[in-house]
Every structure is written in structure tokens, then in C-alpha cells.
Amino acid sequence: MRYADEKQCCGAVIAGVNLDLPLNLIADKFRNVKNAHADAITTICPSCHLMYDQHQSSAEKMFDETYNMPVLHFTQLLGLAMGIPAEELALDELKVNPEGFLTAIEQTA
């Protein structure tokens with residue numbers, strides 16, 4: 001799925017010094033993904049996965065917005081495609097419950 005600023009960095013490299021800039025980048029990402037009507041975000045970068053998953057609620061508070069978007073690492077999505085049970089892929093560790101996303105992909109399979 002294509003969306004605005006899809007290749008934009010999450011800002012993890014400066015999060016230890018200044019979290020405001022990464023939170024702005026995170027908020028932009030979630031707004032753009034929601035505008036594209038996505039059900040979840042899948043990342044290839046471990047830093048992006050941590051930033052989007054762990055700091056989604058901080059960005060929501062900072063901008064008084066609600067994203068409620070599960071963030072999966074591509075290896076988790078690959079595992080699902082290979083038939084590995086969700087509980088073995090640590091999906092229960094995600095900050096946003098991916099149940100709705102999992103139901104949607106099961107219905108299309």
C-alpha cells in the first residue's frame with residue numbers, strides 16, 4: 001500500500017536527546033497510514049518497530065489524537081503467512097492489540 005512519506009525515518013537516532021522530533025514524525029506516519037485506510041503498520045527496521053509500537057500512545061497524547069494501529073515487524077507477518085501461531089510470534093507483546101487486523105487477514109485468506 002502506498003501512502004505519503006512512506007520512506008520517512010522514524011527519528012529513533014535522536015530520541016535519546018530530543019523525543020519531540022521523533023514524536024512528530026511518528027504522528028505524521030500514523031496520520032498518513034490512517035488516511036490510506038491501512039489496518040496496521042508493518043516495519044522492516046527494528047528501530048522503527050520499537051518507535052512506532054512503543055511511542056504511539058505518547059504521540060496520541062502529545063497531539064490529542066487516536067491512532068489505535070497495531071505495529072508488526074515484517075518477520076511477525078511472515079510468520080503468520082507461514083502458519084506460525086500468533087502466540088509464538090509475540091503478538092501479545094504489541095502495545096496495540098492486533099486482533100482486528102488478524103481477523104481481517106484471516107477473512108481474506
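Laid out as a table, the results:
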item: Kirkwood Rh, angstrom, region 12-108 [1 / mean 1/r, Cα pairs]; result: 13.9 Å
item: Ranking of Thr43, Thr108, Thr66 by count of other Cβ atoms within 10 Å, fewest first; result: Thr108, Thr66, Thr43
item: Trypsin sites (Lys or Arg not before Pro) within region 1-80, DSSP loop, no more than 10 other Cβ atoms inside 10 Å; result: Arg2, Lys7
item: Where chymotrypsin sites (Phe, Trp or Tyr not before Pro) fall in DSSP loop in region 1-103, at most 16 other Cβ within 10 Å; result: Tyr3
item: Fewest-first sequence of Leu72, Leu78 by Cβ atoms within 10 Å of each Cβ; result: Leu78, Leu72
item: Amide hydrogen neighbours beyond the local backbone of Leu72, cut-off 5 Å, H modeled; result: Ile41, Thr42, Thr43
item: Exposure proxy ranking, count of Cβ atoms within 10 Å, fewest first, for Val71, Val96; result: Val96, Val71
item: Given charges at beta-carbon only (K, R positive; D, E negative), |dipole| of the chain in Debye; result: 380 debye
item: Whole-number percent relative contact order across the chain, with pairs defined as alpha carbons under 8 Å at least 6 apart; result: 24 percent
item: In Hz, Karplus ³J(HN,Hα) per residue of region 84-90 (6.51, -1.76, 1.60; θ = phi - 60°; x = Gly, Pro); result: 6, x, 3, 5, 7, 9, 6
item: Under the span-like rule (Cα at least 15 Å along the axis, Kyte-Doolittle mean at least -1.0), DSSP H helices of the chain; result: 20-35, 46-63
item: With at most 15 other Cβ atoms within 10 Å, longest stretch of the chain clear of loop GluC sites (Glu not before Pro) (DSSP); result: 7-64
item: C-alpha center-to-center spacing [region 1-33, region 52-109] in angstrom; result: 17 Å
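Rule-based calculations on the coordinates, nothing more; no lab input. Computed from a prediction, not measured in an experiment: that's the story for all the values here. Glycine also receives a Cβ, built like all others from the backbone with ideal geometry; neighbour counts cover every protein chain displayed.
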